[in-house]
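Below: the structure, in structure tokens.
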Amino acid sequence: DTFLEIDAGDSLIYTATLADDNHLPAWLYFNASNRSFVGTPLNEDVGMISVKLSATDQSLATVYDIFTITIHNTNDAPTLENEIPDQVAYEASVFDFTFDENHLKILI
């Protein structure tokens, strides 16, 4: 158990916020009854957030722990690095064009 209530018959109420006491991001939900976090972060959520998990007993004594959730980037679509210039083809002539590998680049 993460939190321990030593007073007989007391129960704990759990709350979760960001470490700076702001609300959790919209993608992250805390279910206090089963003490679980659920959510699906998006690409713009990549990075780290610090979460403050608090436990308060019936006499309003509170203890908390702060932990970090790291959101890793999993896949970004390639982006256009340099536009490919317009090309010209002539009738009855072989058209041959190879683009440079630097035209498309995956930015991570």
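Of a type in the set (A, V, I, L, M), touching a helix residue (DSSP H, G or I) at 6+ places or on another chain (Cβ under 9 Å), loosely packed, with under 13 Cβ neighbours inside 10 Å and assigned to a loop (DSSP other than H, G, I, E, B): does that describe Ile6?
Against the criterion (of a type in the set (A, V, I, L, M), touching a helix residue (DSSP H, G or I) at 6+ places or on another chain (Cβ under 9 Å), loosely packed, with under 13 Cβ neighbours inside 10 Å and assigned to a loop (DSSP other than H, G, I, E, B)), Ile6 does not qualify.
Which members of segment 19-39 meet the condition of being in contact with a Leu (Cβ under 9 Å, 6 or more places away or on another chain) and farther than 25 Å from Asp7 by Cβ?
Correct list: Leu24, Pro25, Trp27, Phe37, Val38, Gly39.
Could you please find all residues in segment 53-95 being closer than 30 Å to Tyr29 by Cα, over 16 Å from the mean Cα position of the chain (by Cα), outside any loop (DSSP other than H, G, I, E, B) and of a type outside the set (A, V, I, L, M)?
Ser54, Thr56, Thr62, Tyr64, Asp65
If you scan segment 33-58, which residues turn out to be loosely packed, with under 13 Cβ neighbours inside 10 Å, more than 15 Å from His72 (Cβ to Cβ) and hydrophobic (A, V, I, L, M, F, W, C)?
Of everything in segment 33-58, just one residue is loosely packed, with under 13 Cβ neighbours inside 10 Å, more than 15 Å from His72 (Cβ to Cβ) and hydrophobic (A, V, I, L, M, F, W, C), namely Val38.
Bear in mind these aren't lab numbers, they're just calculated from the coordinates by the rules spelled out. Note that the structure is predicted; figures quoted are calculated from it, not measured. Heads up, the Cβs are rebuilt from the backbone with ideal geometry, glycines too, and the neighbour counts pull from every protein chain shown.
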